[in-house]
1. Being at pLDDT below 70 and either of a type in the set (A, V, I, L, M) or not assigned by TED's automatic domain parsing to the domain that holds Leu265 (or both), is that true of even one residue in region 49-57?
2. Inside region 431-449, can you point out the residues that are out of contact with any Ser or Thr (no Cβ under 9 Å at 6 or more places or on another chain), in a loop (DSSP other than H, G, I, E, B) and over 16 Å from Asp95 (Cβ atoms)?
3. Those residues that are of a type in the set (S, T, N, Q) and within 8 Å of the chain's Cα centre (by Cα), I need them from region 78-121; list them, please.
4. Name the residues in region 363-410 that are modelled with pLDDT under 90 and aromatic (Phe, Trp, Tyr), would you?
5. Given the criterion farther than 23 Å from Phe97 by Cβ and either more than 32 Å from the chain's Cα centre (by Cα) or surrounded by 18 or more Cβ atoms within 10 Å (Cβ to Cβ) (or both), identify the matching residue among Ala468, Ala456.
6. Please name all residue pairs, on different chains or six or more residues apart, with Cβ atoms under 7 Å, provided the first residue is in region 484-509 and is polar (S, T, N, Q) and the second residue is not in a helix (DSSP H, G or I).
7. Within region 309-336, work out how many residues are among the β-branched types (Val, Ile, Thr) and part of a strand (DSSP E or B).
8. Looking at (1) part of a helix (DSSP H, G or I); (2) touching a His at 6+ places or on another chain (Cβ under 9 Å), which is the one condition that is false for Glu283?
Amino acid sequence: MGFQEEIAKRRTFGIISHPDAGKTTLTEKLLLFGGAIQEAGAVKNNKIKKSATSDFMEIERQRGISVATSVLAFIYRDKKINILDTPGHKDFAEDTFRTLTAVDSVIVVIDVAKGVEEQTEKLVEVCRMRNIPMIVFINKLDREGKDAFDLLDEVEQKLGLSVVPMSFPIGMGYDFKGIYNLYEKNVNLFSGDSKKNIEETIAIDDVNDPQLDELVGSEAADTLRENLELVDGVYPAFDLEAYRAGTQQPVFFGSALNNFGVRELLDCFIDIAPAPRDKMAEERLVKSDETKFSGFVFKIHANMDPKHRDRLAFVKIVSGTFERNKPYLHVRNNKKLKFSSPNAFFAEKKEIVDVSYPGDIVGLHDTGNFKIGDTLTEGEVLHYKGIPSFSPEHFRYINNADPMKSKQLGKGIDQLMDEGVAQLFTLEMNGRKVIGTVGALQYEVIQYRLEHEYGAKCSYENFPVHKACWVSVEDEKNPEFLEFKRVKQKFLAKDKQNQLVFLADSMFSLQMTQQKYPSVQLHFTSEFD
Ligand code: GDP
């Protein structure tokens, strides 16, 4: 198969949702279609099996959340599908944001009873900002939930999307009869048998066909006809270009647990979802079909085996082919590196691979060369944009609790920050270190990992900060800026990239500072132009 065909057959995407909406269940059912796993439950089982082999994963298991962002790949209808799993727990939102820089499209899962939830709002906003194509899957139709039209309204209003229903439910909850597929023009009857891998569909080109009445009963058939008329009047037709540009979002209904409506979702996804997209580097736009390799690190995973300190750096291939044992330029270090055992991911396994293509993810063993956001190329100096840091929500001083182990502590903090577990700020005034995290849970993870992986002990101390703002100013000699630095000295710090950061202790002080020093610009993410 040629290089172009290899690119065209890849679909790399992420599934995002609020916890419990059904992301794991849907992922599992999608894998079933690829024949990648034999039985339902395998995705979750796999998580538990892994956790039993290491202490660190044990705390995750106990908390019932997955800290890991893994890659699951399978072949379906000749397409190579790469699912980049994203942690749903809000404390690991930053992991998910970073993973979203590596996807070419996403599926958003929404619980029919709960509607749009907080975490969905945040993640969809990030996708909207980047014009990532999105398909919405409304899940748990076997349960009583909100009215379909109300939900579609809610999705439009709360998520700022322009939806196009591609399927429509016939009844709901106890009365759930099935789904009319507007995309394929057929009816799929719900039997509630979750063991069935693929449901049977009945082609009904015209909803006025009396066969529909026979299948679902006249009342439900009439309601469906009315609903479809309304859909026709209210929503635009599906527009592939608009979907791919991120301005229109197709919606499917179903029940992941019952494997119902999942095939429809997947079949449509295969048809419409974009192949690996071109990506903007600071220097230029890089096209996915360029033959020279380039890629970037979006995730670093600590080795699950505590005896081996090495880590796995997840690289998204943007262009060209990545080959085993070929030297590539690590742009930030200006160093050539070779990889003798790059991992590819298949189903829930990883294996060594010789050649990978745009859209694929390779896992590279790393002994500390990589940071999140690093670019690899065949020699060209390229920096991929789009992995900003956001202001953390929590801030604490980190103190050394074992004076004999200060070196280990320094190294541990350094490496954990490179992995993107949290953000480190060093206060300008006294050099004290402050750790900023998205969720409180990270402090426990950091403490645990410092102890178990680096043999270091730390303690924390509260540091009340409302928001971290990255500071920029046109002229560093501007008297206003010098005044700002003098007055706010106590609240100034450097991040790991040596960028100046203002740690505002309250909303009020942030607003006052903005008013008082208008020429000093405060940004809520680390990436700004
Ligand atoms: P995640 O946190 O988004 O990964 O959600 P899970 O996939 O773990 O699902 C959360 C819960 O919802 C589990 O108990 C699932 O069995 C259940 N669930 C998932 N899909 C459905 C569905 O279609 N119908 C019903 N009734 N329950 C579902």
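1. Yes, there is a match, as at least one residue in region 49-57 is at pLDDT below 70 and either of a type in the set (A, V, I, L, M) or not assigned by TED's automatic domain parsing to the domain that holds Leu265 (or both).
2. Scanning region 431-449 gives a single hit, Gly431.
3. Result: Thr86, Thr96, Thr99, Thr101.
4. Passing the criteria: only Phe390.
5. Of Ala468, Ala456, the one residue that is farther than 23 Å from Phe97 by Cβ and either more than 32 Å from the chain's Cα centre (by Cα) or surrounded by 18 or more Cβ atoms within 10 Å (Cβ to Cβ) (or both) is Ala456.
6. Here the result reads Gln489/Glu428; Gln489/Met429; Gln499/Trp470; Gln499/Ser526; Ser506/His466, each pair linking region 484-509 to a residue that is not in a helix (DSSP H, G or I).
7. Residues flagged as among the β-branched types (Val, Ile, Thr) and part of a strand (DSSP E or B) within region 309-336 amount to 3.
8. Checking Glu283 against (1) part of a helix (DSSP H, G or I); (2) touching a His at 6+ places or on another chain (Cβ under 9 Å), the one that fails is (1).
The values are calculated or read from the model by the stated rules, or taken from the named source; none is laboratory data. Every value quoted in this text rests on a predicted model; they were computed, and no experiment measured them. Note: ideal-geometry Cβ built from the backbone for every residue, glycine included; neighbour counts use all protein chains shown.
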